[in-house]
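A quick write-up on the structure given underneath.
Here, each number is a calculation from the coordinates, and none is a lab measurement. Owing to the predicted nature of the structure, the values given are computational and were not obtained by experimental measurement. For neighbour counting, all protein chains shown are included, and Cβ atoms are generated from backbone atoms with ideal geometry for every residue, glycine included.
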Amino acid sequence: MAGRIRDEDIAAVRDKTRIDDVIGEHVQLRNAGGGNLKGICPFHDEKSPSLSVSAARGLYHCFGCGAGGDVIKFVQEIEHLSFSEAVEQLAGRAGVQLHYAEGGGPPRPAGQRARLVEAHALAAAFYADALRSPEAQPAREFLAKRGFDQAAALQFGCGYAPGGWDALTKYLLGRGFSASELTLGGLAKESGRGSLIDRFHRRLLWPIKDVTGDVVGFGARRIHDDDRIEAKYLNSPETPIYKKNQLLYGVDLAKREIGRQHKVVVVEGYTDVMACHLAGVATAVASCGTAFGSDHVAVLRRLLGDSDTFGAEVIFTFDGDAAGMKAAERAFADDQKFMAQTKVAIAPEGKDPCELRMSSGDAAVRSLVDGARPLVEFVLRTSANRFDLDTVEGRTAALDRGIPLVAMIKDLGARDDYARQLAGYVGVDDPNRIVARVRALVRSTERSGRTDRPASSGSGASSGSGGSSGPGGQSGSHRPGEPHAAAAGIASESGTGASVHPKVAQAEREVLKAALQLPDVVGKAFDELSPSTFLLAVHQQLQAAIASAGGASPAVAGPGWVEQITAQLVEGSQARLAVNALAVEPLHAEADNQARYAEAMVVSLAAQGVAREVNALKSRLQRLDPNTDAAEQGRLFAQVIELEKRRQELRRRAIGGDD
């Protein structure tokens, strides 16, 4: 195997890859000011956007969980790849030819994920080609009966698995893939006789793509009546690249419109996704062979930019049968994990979007989505209707079922309103009695310390790590988009354990940000700062790390500069965790004034350091005896005079009086 990838090639990959484009395929990013973007972090569960992305500097950082780094690090973490595999994936995307050190050996083999993705891409093309064969006529008829012509099949990549037991297997083995790769990727399996055979046979196929557009699996529908496998639908098994709980069919097609419209339509099947997109509902997605669940919620929240700040809408479509009602109730439980408004759309006669399009056309599908009603209202009404509300027993049972559902609603005002609606559904004369029962249940739940129901708005509680509470549950105000000190890995004590004033700590933080982000502007002045300039212990460590990395004056801003500093710090230390945060956090200045602001902050901090030295010398002077320490007094006094001159010079420079 060849050696490591050459440093200049790694640098070229970073240079030619926009970090905001890569992260934007997984997270809905929005302008955060100062040239930065923000979104819901994909590495932990949060309610408000804590992920900050600096496209100009090629860096990202989450102020909630501390994840951060450059575009290579992001791909490593999100795809679970090694460093080399991440570089190789990005190089393929950017068109960079990689070279490997340690001699002219053969190119390094592609990483596991890259191999499996390549195999699936070839399989998708193989199946799509097979859909045109005479054998696939029943599959084409199936699509045609549901309103999908050849163009639609091509648009969604539909395919057909031939009846031969090893047609795909032989094809991929001939393309250089190993038997172990085909079984690992779920494209082939061992037969009862030990031979390798295709996983799918004589079935209509849909390629399932991840959010980046890579084919990672397939969904297969039974077409022939004599198919010996009873299941109508079969999906790829769990593999290193196919995680059904985290995948949504159609998300690659819908993600841009989801972000633009702040809306997503969740349907129940592949043909429903096709029908919606063809009808003009371009935000439709569906789960892949499993019920819609919490992991799917997390994916959609990131794409929606779903938070208290950003309005969003999630619309579920369900069949009108009992299974659809159960699905609606499951969705209601997940509703509490969204910050978005959730709605439900059920067509007349219980038709799904595909059936509705076939019977009534594209406009009917659009009207179905446009006419969606609040999910909470739907679930409460259908829940109450299960009971005989003409009897006391039925009304009591309906309330016993409905009140816990209302108590789950996170918004306090909406919770009271829905409590009154429930009273109306059931026929209670005094709605306030139901409101009181709901409130009592909420109080009881909160006292018991249960965490399965989100706290109501206005309670001050937050169950997500991205909420407003600081370490230890203490909350406080801070600038939007900025972390509390501890959240960014910054302690509030000096190297001696004494408390540091917040304004001083903030000034030190701004200077370090300037050294990381604008070394070409402040490098020389920063390198001249005394080691005693910084008071916070973690800031002292960062100043020392910058010096060990060669100083700020010769540095060039970007991931490479940050990487040099990080390498000087202990793994897992507060200082190391803080580097990425400081590298992407905006300076407190407008874009056209950042250079002047950064220079002024460094000079101002230097002046503060000199002032502390002056005060320390004056304190020593007061403790000297004039009769016995006259010489020492004179020496210290001269130092005070020189330092005072220095301080005055720095103060003039800080306010712009001397350039």
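Which distance in Å, rounded to a whole number, links the C-alpha centroids of the range 217-269 and the range 57-103? About 28 Å separates the Cα centre of the range 217-269 from the one of the range 57-103. Summarising the amide proton neighbourhood of ALA282: residues at separation of 5 or more, or on other chains, whose placed amide H is nearer than 5 Å comprise an empty set. Couplings 3J(HN,Hα) for the range 510-521, derived from phi with the Karplus relation 6.51 cos²θ - 1.76 cosθ + 1.60 (θ = phi - 60°), are 5, 5, 5, 4, 5, 5, 7, 9, 10, x, 5, 8 Hz, where x marks Gly and Pro.
Derived scalar couplings between HN and Hα for the range 202-218 equal 6, 9, 6, 10, 10, x, 9, 10, 7, 5, 8, x, 7, 6, 10, x, 9 Hz in order, rounded to whole Hz, by the Karplus curve 6.51 cos²θ - 1.76 cosθ + 1.60 (θ = phi - 60°), x for Gly and Pro. Taking the number of Cβ atoms within 10 Å of each Cβ as an exposure proxy, the fewest-first ranking of LEU303, LEU253 is LEU253, LEU303. Here the mean projected area of the convex hull built on the C-alpha positions of the range 510-592 is 5.1 nm².
For a footprinting-style exposure proxy, rank ARG386, ARG301 by other Cβ within 10 Å, fewest first.
Fewest-to-most ranking of ARG386, ARG301: ARG386, ARG301.
Counting neighbouring beta carbons within 10 Å and listing from fewest to most, the residues PHE637, PHE292, PHE200 come out as PHE637, PHE292, PHE200. Close amide H contacts of ALA188 (hydrogens built in the peptide plane, cut-off under 5 Å, sequence separation of 5 or more or a different chain): THR183, ARG199.
Using the beta-carbon distance between ALA547 and ASN385 and R0 = 41 Å, what value does 1/(1 + (r/R0)^6) give for FRET efficiency, to the nearest 0.05?
So, using R0 = 41 Å, E works out to roughly 0.05.
For the range 495-654, the share of alpha carbon pairs falling in successive 5 Å distance bins from zero is 1, 9, 17, 19, 17, 13, 9, 6, 4, 2, 1, 0 percent.
Counting Cα-Cα pairs of the range 1-103 in 5 Å increments starting at 0 gives whole-percent bin shares of 2, 13, 23, 23, 16, 10, 7, 3, 1, 0, 0. Listed by chain and number, the aspartates and glutamates whose C-alpha is less than 17 Å from the C-alpha of LYS618, apart from same-chain residues fewer than 8 away, are ASP629, GLU632, GLU642, GLU644. Database remark: amide H of ALA32 closer than 5 angstrom to the amide H of LEU37, LYS38 (H placed geometrically; neighbours at sequence offset of 5 or more, or on other chains; Pro and chain starts carry no H).
Summing charges over all other residues whose Cβ lies under 12 Å from the Cβ of GLU181, with Lys and Arg as +1 and Asp and Glu as -1, gives +2.
Across the range 248-257, coupling constants 3J(HN,Hα) worked out from phi with the 6.51/-1.76/1.60 Karplus curve, θ = phi - 60°, read 10, 5, x, 5, 5, 7, 9, 4, 5, 5 Hz, and Gly and Pro carry x.
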